[in-house]
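Report on the following structure.
The values are calculated or read from the model by the stated rules, or taken from the named source; none is laboratory data. No experiment lies behind these values; they were computed from the predicted model shown. With ideal geometry, Cβ positions are generated from the backbone for all residues, glycine too; neighbour counts draw on all protein chains shown.
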Amino acid sequence: MLKRSVMYLVFKGVAIACSSMFVYRSGVGIDYMLILVLAFSCVIMASFLFDRIGIMHNDIIQIIINTTLLLTSFLLDMKSLFPFIIILIFQMVESFAKGINFYYMLMGSTALAMVIINTKADVLMYTGLLVIIMVYTKIIRDKAEINKIIILEQKDELARLNQKLLDNNRLVKTLQYTAALEERNRLAIRLHDKVGHGISGSIILLEASSLMFDTNMEKAKDGIDKAILNLRDGVDDIRLALREERPIRSELGLNELHTILEKFRVTHNIVTSMHHSGNLNLIGMDIWQCIYENLEETLTNLLKHSNATKFKLSIHVFNKVIKVEYQDNGKSETKFVKGLGLEAIEERAIKCGGRCFIEKMENEFRITNIFTY
């Protein structure tokens, strides 16, 4: 990006070169012209160096130097030095005004200078061209500075979001670990309360029956029968507890798909959604695995080949048929060609006993997998 100090150094140098030509043409000696150019050049270079090393930390010293150069130009030869005078006015106006006010003040100051300094037409022409180029350069420089600020803000925002994402991931892992511990403790307490007491009672009955086996056969047999009943009830309680604690297969599958879609939405700022209907428990683990892998492959292809802003996953379970659709609103201009990714999606569907259908429309791309069960 062209810095302000460098821009004024270049344009002041050009203005001095033009002005020196007009000074020489006015009939003065070449010695006078060279001394004038050398003096102005030294002051301009010193001003630039002060600004670069940080001595001129504000515009006050710059305004003083420019005012001195402006008064000197008026006293020496204001008609021939008109291009240089306008550049000085340009810089001083920029120090006082910003935005649209700068251009208003520049036009007013330039018009006033033209009235006061009745110079020749060719000098005006060179000056006007120089001002136009300088204004265009300033516009580009201002836009570059704004873009730089926006980029820095976006970088800060991206860093903040990445840190937030990392914190969220750590929180999710902590919650998952805590939930697993809570489930484990709950299952342990349930087994201890319901099953542990029954087994302990059965052991006591068996020990008592063993002691009475030689003296009272009938009582010993009753104790053994009661212990057997208690142990059977305990086994039934264990089976019931494990059945209730075991997560439903469809919930596991949907949670995994939700996680993939949500992570994709946050990472790439693309709207994602999922719809399902029917009894998802009829979907086997091999088909769930196929859906996971095809979803990830589809999302990868979307980033590579499509400018889509929305993505939808649909899972519908009908009588003997499972229908899975991956759909986006991509508008790719290239001709549809089945690449390795789409071939892999087809192969996975066929491996699970299903079929794959691919459709590309003007504002939509859809992959449909059909499975039977």
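Consider only pairs whose beta carbons are under 9 Å apart and that are at least six residues apart or on different chains; among these, list those whose first residue lies in the range 1-17 and is farther than 17 Å from LEU34 by Cβ and whose second residue is at pLDDT 80 or above and not in a helix (DSSP H, G or I).
From residues that are farther than 17 Å from LEU34 by Cβ, there are no pairs.
Looking at (1) in contact with a strand residue (DSSP E or B) (Cβ under 8 Å, 6 or more places away or on another chain); (2) at pLDDT below 75, which is the one condition that is false for GLU262?
Evaluating GLU262 over (1) in contact with a strand residue (DSSP E or B) (Cβ under 8 Å, 6 or more places away or on another chain); (2) at pLDDT below 75 leaves (2) as the failure.
Hey, can you tell me all the residues within the range 79-111 that are assigned to a helix (DSSP H, G or I), farther than 15 Å from THR127 by Cα and not charged (D, E, K, R)?
MET92, VAL93, SER95, PHE96, ILE100, ASN101, PHE102, TYR103, TYR104, MET105, GLY108
When the residues of the range 106-120 are filtered to those that are surrounded by fewer than 16 Cβ atoms within 10 Å (Cβ to Cβ) and not small (Gly, Ala, Ser), which remaining residue is nearest to the chain's Cα centre (by Cα)?
Per the stated criteria, the residue is MET107.
State yes or no: is ILE150 more than 28 Å from LEU36 (Cβ to Cβ), of a type in the set (A, V, I, L, M, F, W, C) and modelled with pLDDT of 80 or more?
Judged against the criteria, ILE150 is a match.
Determine, yes or no, whether SER95 is under 23 Å from LYS3 (Cα atoms), surrounded by fewer than 17 Cβ atoms within 10 Å (Cβ to Cβ), modelled with pLDDT under 80 and in contact with an Asp or Glu (Cβ under 7 Å, 6 or more places away or on another chain).
It is true that SER95 is under 23 Å from LYS3 (Cα atoms), surrounded by fewer than 17 Cβ atoms within 10 Å (Cβ to Cβ), modelled with pLDDT under 80 and in contact with an Asp or Glu (Cβ under 7 Å, 6 or more places away or on another chain).
Considering only the range 195-213, I want to know if a residue exists there that is outside any helix (DSSP H, G or I) and either touching a residue at least 12 places away in the same chain (Cβ under 8 Å) or more than 30 Å from LYS263 (Cβ to Cβ) (or both).
Scanning the range 195-213 turns up at least one residue that is outside any helix (DSSP H, G or I) and either touching a residue at least 12 places away in the same chain (Cβ under 8 Å) or more than 30 Å from LYS263 (Cβ to Cβ) (or both).
Here's a check for you: in the range 268-297, which residue that is among the polar types (S, T, N, Q) and without any contact (Cβ under 8 Å) to a residue 60 or more places away in the chain is nearest to LEU158 (Cα to Cα)?
Ranking the qualifying residues of the range 268-297, first place goes to ASN269.
Within the range 307-338, can you find the residues that are buried (at least 19 other Cβ atoms within 10 Å of the Cβ), within 20 Å of VAL266 (Cβ to Cβ) and either touching a Gly at 6+ places or on another chain (Cβ under 7 Å) or among the hydrophobic types (A, V, I, L, M, F, W, C) (or both)?
Within the range 307-338, ALA308, PHE311, LEU313 qualify.
Can you go through ILE189, ILE133, ILE140 and tell me which one is assigned by TED's automatic domain parsing to the domain that holds ASN230, assigned to a helix (DSSP H, G or I) and surrounded by 11 or more Cβ atoms within 10 Å (Cβ to Cβ)?
ILE189
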